[in-house]
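Report on one structure; see the data block that follows.
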Amino acid sequence: MAKISASVYTSHVPLIGVAVDKGLTQDDYFKPLFDGYEPGREWAAENTPDVVILVFNDHANAFGLDIVPTFALGMSETFEPADEGWGSRPVPTVMGHPALAAHIAHSVIRDDFDLTLVNNIPVDHGCTVPLSVMYDQPDEWPCKVIPLFINVVQYPIPSGKRCLELGKAIRRAVDTFDEDLNVQIWGTGGMSHQLQGQRAGLINPEWDHAFFDRMVADPEDLATMEHVEYVREGGSEGIELVMWLVARGAMSDVAGGPAPTEVHRHYHVPASNTAAGQLILEDGS
Amino acid sequence: MAKISASVYTSHVPLIGVAVDKGLTQDDYFKPLFDGYEPGREWAAENTPDVVILVFNDHANAFGLDIVPTFALGMSETFEPADEGWGSRPVPTVMGHPALAAHIAHSVIRDDFDLTLVNNIPVDHGCTVPLSVMYDQPDEWPCKVIPLFINVVQYPIPSGKRCLELGKAIRRAVDTFDEDLNVQIWGTGGMSHQLQGQRAGLINPEWDHAFFDRMVADPEDLATMEHVEYVREGGSEGIELVMWLVARGAMSDVAGGPAPTEVHRHYHVPASNTAAGQLILEDGS
Amino acid sequence: MGLDKPYLDIPGTTIFDTDQAAMGYHLNMFAMSLKDEENREKFKADENAYLDQWPMTEDQKQAVRDRDFNRILALGGNIYYCAKIGATDGLNYVQIVSSMTENNADDHRQMMIDGGRSPEGNRYLHEWKDGGDPTTKKESRS
Amino acid sequence: MGLDKPYLDIPGTTIFDTDQAAMGYHLNMFAMSLKDEENREKFKADENAYLDQWPMTEDQKQAVRDRDFNRILALGGNIYYCAKIGATDGLNYVQIVSSMTENNADDHRQMMIDGGRSPEGNRYLHEWKDGGDPTTKKESRS
Ligand SMILES: [Fe+3]
Ligand SMILES: [Fe+3]
């Protein structure tokens with residue numbers, strides 16, 4: 001049977017991808033950030049899953065304003081890295097897992113989640129930067145990836161509670177998939193940052209650290225946080241952190257199982273305009 | 001305040017549109033069908049709403065296989081009739097109601113429905129045929145229309161229960177819209193028909209009549225019907241009837257209000273390959 | 001468990017699920033392209049050249065050339081997508097639909113006027129002599 | 001009641017909601033078109049001709065010509081869509097983002113290295129002298 005064995009939470013800042021692509025990770029600017037990623041990379045090398053369900057948001061590369069899905073699941077064999085305006089990243093094609101994706105779609109839609117199913121759609125830095133953070137520059141990504149797009153760009157966006165519940169439904173779905181698969185779920189985006197307006201550059205370390213703590217200890221409570229608090233305290237683009245709750249909902253403790261084990265935590269300011277964070281939780285069951 | 005005053009349920013068979021467009025409604029073949037639509041048209045003329053929320057499914061005209069939304073709400077000012085392969089229907093452009101659509105989107109997404117929001121998308125016979133059924137051939141449609149697309153083509157599709165709940169959430173949303181608007185909700189598609197395979201041509205009048213009765217008297221019970229029963233008893237395309245439950249869920253009785261009043265019921269076989277049905281319910285509150 | 005597919009026990013019926021959609025992706029996207037008049041003209045002008053633009057299997061292409069809609073559906077086609085092939089030929093829905101049955105178009109139209117096909121004896125695979133095999137020739141069914 | 005917008009009480013911040021999206025539809029779709037290299041080349045070759053292909057307001061076009069990102073956002077632009085205008089100019093995110101603030105790019109980069117902009121005094125409109133009016137010139141803010 002398939003099982004979700006761990007969850008990873010990480011920022012997906014474009015500049016982190018640039019640093020990997022251009023070999024700048026040991027520069028003065030990037031070294032403290034990437035030194036902090038080292039333990040996560042070691043853990044990732046020892047715990048390579050068969051499939052990652054990668055939760056992220058599109059940044060005007062896959063979807064336009066004509067079709068804005070709240071939740072969209074990637075069904076196809078392959079997903080090509082997007083050209084976001086600066087040219088495509090020199091990274092491998094993302095390989096999907098259509099059978100598991102179809103199973104999740106059937107199970108989660110039966111469970112009252114109104115997914116949009118997508119095929120042959122490009123994936124942007126939101127998906128490829130976390131892969132670079134964990135796996136550096138391989139010729140091929142070491143696992144299959146099912147992209148799960150969350151709308152956090154055009155309001156109305158889904159609540160924290162809804163994101164957590166989606167994670168729970170995904171765990172139930174994976175649990176009933178026939179094949180023996182080691183599955184991880186990664187929540188990406190954040191931490192505090194604001195890319196727009198006169199308030200751009202906002203960073204809130206106290207709030208970010210509290211977010212880490214609540215994410216580990218009491219995700220049900222964290223899931224009640226209103227969007228306006230994310231924006232006010234964590235910056236307009238800090239709202240991306242709501243996506244971490246999807247991954248957190250897929251840990252067995254929220255369904256009554258044992259607590260997960262915290263493997264690693266890392267926090268660094270800045271990555272470009274952003275507070276970069278990383279958290280790794282191994283499932284308790 | 002806005003209020004949903006009535007619900008209409010009707011087949012949306014392409015050939016019914018052809019009959020209107022080509023002036024064939026008094027032919028031997030079509031006369032019994034259109035005679036049965038007369039009372040509904042008289043009611044429609046006396047009860048023209050400001051806005052119709054029109055629930056239907058796309059038939060490979062607006063969406064392809066690259067993006068398959070479970071529920072998609074039309075947000076824009078206009079929606080053009082689609083060319084479905086035979087050329088576009090000679091009917092007016094469908095005019096939307098962006099302000100009410102935005103309000104519904106915010107309210108329903110906050111209420112845990114994972115809508116896809118769509119703009120500038122064509123509408124096919126699923127949307128335009130019901131308008132022709134009720135309003136014949138006007139120069140302009142007499143009301144605004146918010147298209148609500150339900151996926152009933154590519155499985156997994158939403159359950160009857162989920163469709164009913166969506167209708168309830170839409171009523172709650174409309175109830176809190178500031179402007180005085182008379183709103184109707186139309187559920188379309190069905191009744192029994194099968195357009196494919198060696199079993200094509202299936203019609204099940206007993207089942208259709210029971211569906212009418214349960215739709216009026218006990219929608220919560222009807223909403224528990226499994227997809228496979230729709231297909232087995234009502235034909236593979238009879239599954240469209242699940243969309244009627246969205247409209248039924250928006251009547252106040254399912255939220256504890258008084259029962260609706262049945263204004264009209266009509267059933268005729270055949271319209272092309274289909275059993276055509278119509279039901280009009282005025283809200284009880 | 002795998003996907004639960006109770007609808008497989010209904011004869012003469014193909015449910016377009018994610019498995020069928022994966023198999024028929026290019027077939028359906030080809031068919032959907034025919035909603036544009038310009039593409040219909042190109043297809044009519046040179047059917048093979050048009051088909052070769054799409055990475056479909058040879059079986060799928062042949063089923064399209066043959067206008068064998070039962071086979072098209074078995075190979076992943078969806079009726080709404082693939083009806084556009086019939087539309088391009090100038091056929092209406094009764095003509096397209098009847099081609100999948102034991103009827104010719106006139107007989108099918110008359111069957112519908114007479115009340116359509118009864119669900120009696122058509123609900124479960126075991127009720128059909130051939131077990132409802134969708135690839136069985138329709139003539140051999142009843 | 002109308003839409004509940006508690007986020008309007010945050011200074012120097014424009015939330016891209018359905019109202020902004022409706023206002024900025026063509027502006028954003030223009031900007032998104034720049035994700036294709038071919039379109040970037042066309043835009044660079046003749047900015048006005050390229051802009052005129054999109055039914056944007058004159059204000060929106062002028063804001064694009066001026067690369068005035070605060071104004072672009074006020075007129076319905078979304079930062080992810082409109083960052084592609086900056087990308088086409090060869091700017092990185094720090095350059096694009098800093099242009100909306102009181103900082104030049106170097107100062108902004110240094111501000112980020114020093115820990116970024118504090119939330120203190122930046123949470124509510126009333127905390128800003130100008131009430132956080134997004135059209136106020138950024139220089140006049142502090
Ligand atoms: Fe992001
Ligand atoms: Fe239909």
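Every number here is computed from the coordinates shown, using simple stated rules; none is lab data. Because the structure is predicted, anything quoted here is derived from the model rather than measured. Here the Cβ positions follow ideal geometry from the backbone for every residue, glycine too, while neighbour counts run over all protein chains shown.
Think of chain B as having a plus end and a minus end, set by charges on the Cβ of Lys, Arg, Asp and Glu; of B:P258, B:H227, B:I121, B:H227 sits farthest toward the positive end of this dipole. Overall, the stretch B:3-282 carries a charge dipole of about 340 debye about its Cα centre when +1 sits on the Cβ of Lys and Arg and -1 on the Cβ of Asp and Glu, all other atoms neutral.
Close amide-amide hydrogen proximity is noted between A:H264 and A:I280, each under 5 Å apart and 5 or more residues distant or on a separate chain (H modeled in the peptide plane; Pro and chain starts excluded).
Between the alpha-carbon centres of the stretch D:1-78 and the stretch B:231-277 there is a gap of 43 Å.
Rounded, prolate or oblate for the protein assembly as shown? Axes are the square roots of the Cα gyration tensor eigenvalues, ordered a ≥ b ≥ c, and the cut-off for rounded is a/c under 1.5. Taking the square roots of the gyration eigenvalues as a ≥ b ≥ c, the protein assembly as shown is prolate. With a threshold of 23 Å on the Cα-Cα distance, the over-threshold entries among A:K161/D:K35; A:K144/C:K5; C:K84/D:K35; A:K161/B:K168; C:K44/D:K42; C:K44/C:K84 are A:K161/D:K35; A:K144/C:K5; C:K84/D:K35; C:K44/D:K42.
Looking at the stretch D:66-103, the trypsin sites (Lys or Arg not before Pro) that sit in a DSSP loop and have at most 16 other Cβ atoms within 10 Å of their own Cβ are D:R67. For a modelled paramagnetic label at B:D35, 7 Å from Cα along Cα-to-Cβ, the residues of the stretch B:247-281 in reach, with backbone nitrogen under 18 Å, are B:265-272, B:276-278. Rounded to the nearest 0.05, what FRET efficiency do A:D139 and A:D28 give with R0 = 35 Å and r taken as the Cβ-Cβ distance? Could you check? Once the sixth-power term is evaluated, E becomes 0.75.
Positive end of the dipole of the stretch C:14-137, charges at C-beta (+1 Lys, Arg; -1 Asp, Glu), about the Cα centre: which of C:S118, C:F69, C:N104 has its Cα farthest in that direction? Farthest towards the positive end: C:S118.
In the protein assembly as shown, the calculated helix contribution to ellipticity at 222 nm averages -11000 deg cm²/dmol per residue, counting -39,500 (n - 2.57) for every DSSP H run with n ≥ 4. Need one word for the stretch A:3-282: rounded, prolate or oblate. Basis is the Cα gyration tensor (sqrt eigenvalues a ≥ b ≥ c); a/c below 1.5 gives rounded, then a/b vs b/c decides. Since a/c stays below 1.5, the shape of the stretch A:3-282 is classed as rounded. Seen against the Cα atoms of chain D and their longest principal axis, helix D:79-88 is set at about 50 degrees.
Here's the picture: charge each Lys and Arg Cβ at +1 and each Asp and Glu Cβ at -1 in chain B, and of B:W186, B:F79, B:N151 the one pushed furthest to the positive end of that dipole is B:N151. For the peptide D:118-125, the mean number of other protein chain Cβ atoms found within 10 angstrom of a residue's Cβ is 4. When only alpha carbons are used to place a centre, the stretch A:49-76 and the stretch B:1-49 end up 40 Å from one another. Highest mean packing first, where packing is the average number of other Cβ atoms within 10 Å per residue, the peptides C:113-126, D:26-39, B:125-138, B:233-246 line up as B:233-246, B:125-138, D:26-39, C:113-126. Of the residues A:H97, A:H266, A:H209, the one that moves most in a GNM of chain A with alpha-carbon contacts below 10 Å is A:H209. Each Lys and Arg Cβ is given +1 and each Asp and Glu Cβ -1; about its Cα centre, the protein assembly as shown then shows a dipole of about 100 debye.
Ignoring aspartates and glutamates fewer than eight residues from D:K61 along the same chain, the ones with Cα atoms less than 17 angstrom from its Cα are D:D46, D:E47, D:D52, D:D89. The simple Förster model, with R0 at 22 Å and r as the Cβ-Cβ distance, assigns D:R67 and D:E38 a FRET efficiency of 0.55. Mind running the shape call on the stretch A:2-62? Use the C-alpha gyration tensor, a ≥ b ≥ c as the square roots of the eigenvalues: rounded below 1.5 for a/c, prolate if a/b tops b/c, oblate otherwise. Oblate, since a/c reaches 1.5 and b/c is not below a/b. Averaged over peptide A:3-12, the number of partner chain Cβ atoms lying within 10 Å of each residue's Cβ comes to 0. Comparing C:I96, C:I72, C:I15 in a Gaussian network model of chain C where C-alpha atoms under 10 Å apart are linked, the largest mean-square fluctuation is found at C:I15.
Here B:S88 and C:A105 are evaluated by their C-beta separation; at R0 = 22 Å the FRET efficiency comes out at 0.30. Inter-chain neighbour count for B:232-242: the average number of beta-carbon atoms from partner chains within 10 Å of each residue's beta-carbon is 3.
Where both bridge residues fall in chain B, DSSP classifies roughly 50% of the beta bridges as antiparallel.
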